[in-house]
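See structure below.
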Amino acid sequence: MFTGMNFRGGLTTLILQNLSRGPNHGYRIAQEIKDKSKGVLDFQEGALYPALHGLEGKGWISSQTREENGRVRCYYKLTERGRKALATEKQEWERLSGAFNLILQEAP
């Protein structure tokens, strides 16, 4: 399980991918990442919220508070700059994972 591990911007890419499907709040973003990774990626608040704030600072996401079931939640939304960044981040991950696969497939 990769709890709290910062693997070269991976959390950034996963957040942007999650928000590419529509606005979402922090807890649900973390749950969906965990669910889709079958529990392998379990990011805690200590990693998630600083990443969200950093993405907002870059202009890649925006936030808006809403009341939901008597609770105020902060919803995040992907911006156009964030969509462009996601495309770049995905290409970078494909290159990185391809390089890992080449090395791991070497004969011993």
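Axis angle, to the nearest 10 degrees, between helix 45-57 and the longest C-alpha principal axis of the chain: 80 degrees. Recomputing Rg/Rh (Cα atoms, Kirkwood Rh) from the coordinates shown identifies the correct label among [x] 1.03; [y] 1.07; [z] 0.99 as [x]. Using a 10 angstrom Cβ neighbour count of at most 16 plus a DSSP loop assignment to flag exposed chymotrypsin sites (Phe, Trp or Tyr not before Pro), which longest range of the chain is free of such sites? Longest stretch, sites excluded: 8-108. By the count of other C-beta atoms within 10 Å, a proxy for reagent exposure, Ile33, Ile15 are ordered fewest to most as Ile33, Ile15.
Taking Cα atoms only, the orientation of helix 10-19 departs from the longest principal axis of the chain by about 50 degrees.
Return one number: the angle in degrees, 0 to 90 and rounded to the nearest 10, between the long axis of the Cα atoms of helix 80-104 and the longest principal axis of the Cα atoms of the chain. Tilt relative to the chain: about 30 degrees. Based on C-alpha pairs under 8 angstrom that are at least 6 apart in sequence, the chain has a relative contact order of 29 percent.
Within the straight-line cut-off of under 24 Å between alpha carbons, the lysines reachable from Lys34 are Lys77, Lys90, sequence neighbours fewer than 8 places apart in one chain being disregarded.
A short reminder: the numbers here are calculations on the coordinates, not readings from a lab. These numbers were taken from a predicted model, which means no experiment stands behind them. Note that we place each Cβ from the backbone using ideal geometry, even for glycine, and neighbour counts take in every protein chain shown.
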